[in-house]
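Written out below as structure tokens is the structure these notes cover.
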Amino acid sequence: MPRIVREADVSWAGNVARGEGSLAAASSKAFVDLPFSLASRIATAPERTSPEELLAAAHGGCFTMSLAGELTKAGTPPERLEVRCTITMDEVEGKGHQIVHSQIVAHGTVPDCDEAAFAQAAEAADAGCPFSALIRASATVAVTASLS
């Protein structure tokens, strides 16, 4: 696989409590002017995102592609994968707020695959997922996988 480089542009106006920002995918242009704020970080704010939500999407997306690759390599390509990733940020004594955990729950429709093989593929997918490795550098990652 070639070296991959992606960019995002971020702008912010105002103080942290009342300010707001926007995010844009500089490389792909897949999203522009995606709003975020402190309110969306600490609570659910309609039509606004947060860095933690974006991390959950990135980790979930990376894991899902890794799982599809592992299943395909095993000769049982998935028909459908549904994955939810939950990122937890909490206060860590002496360090402030930190990402402390990422929980992945994966459900798959995979013809000719049993639960044991699916669990093994999920374990390998987690081991091969660059976002899992990145998060494990300072937090925990847990994966639960089951067939639909």
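Going through the range 14-121, which trypsin sites (Lys or Arg not before Pro) have at most 15 other Cβ atoms within 10 Å and a DSSP loop state?
Details: sites: Arg18, Lys29, Arg41, Arg48, Lys73, Arg80, Arg84, Lys95; in loops: Arg18, Lys29, Arg48, Lys95.
Hits after loop and neighbour filter: Arg18, Lys29, Lys95.
Kindly give Rg over Rh for the range 56-119, based on alpha-carbon atoms, with the Kirkwood expression for the hydrodynamic radius.
On the way: Rg = 15.2 Å, Rh = 13.2 Å.
Radius of gyration over Kirkwood radius for the range 56-119 works out to 1.15.
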Notebook entry, point to check: For the chain, rounded, prolate or oblate, judged on the Cα gyration tensor with a ≥ b ≥ c (square roots of eigenvalues), a/c < 1.5 rounded, else prolate if a/b > b/c?
Noted result: prolate
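Let me check I've understood the local charge: for Leu23, count other residues with C-beta under 15 angstrom from its C-beta, Lys and Arg +1, Asp and Glu -1. What total comes out?
That sum, taken over residues with Cβ under 15 Å, equals -3.
Grab the Cα-Cα distance for Asp112 and Thr86, subtract it from 0.36 nm times how many residues apart they are, and report the gain in nm with one decimal. Provide the component values of the computation, followed by the final result.
Numbers: separation 26, 0.36 × 26 = 9.36 nm, distance 2.89 nm.
Net length gain for the segment: 6.5 nm.
May I ask you to list the GluC sites (Glu not before Pro) in the range 1-49 that are in a DSSP loop and have at most 11 other Cβ atoms within 10 Å of their Cβ? Each step should come with its number before you reach the end.
Values: sites: Glu7, Glu20, Glu47; in loops: Glu7, Glu47.
Answer in residue order: Glu7, Glu47.
Read the figures in this text as sums done on the coordinates, not as results from a lab. Owing to the predicted nature of the structure, the values given are computational and were not obtained by experimental measurement. Every residue, glycine among them, receives a Cβ derived from its backbone with ideal geometry; neighbour counts consider all protein chains shown.
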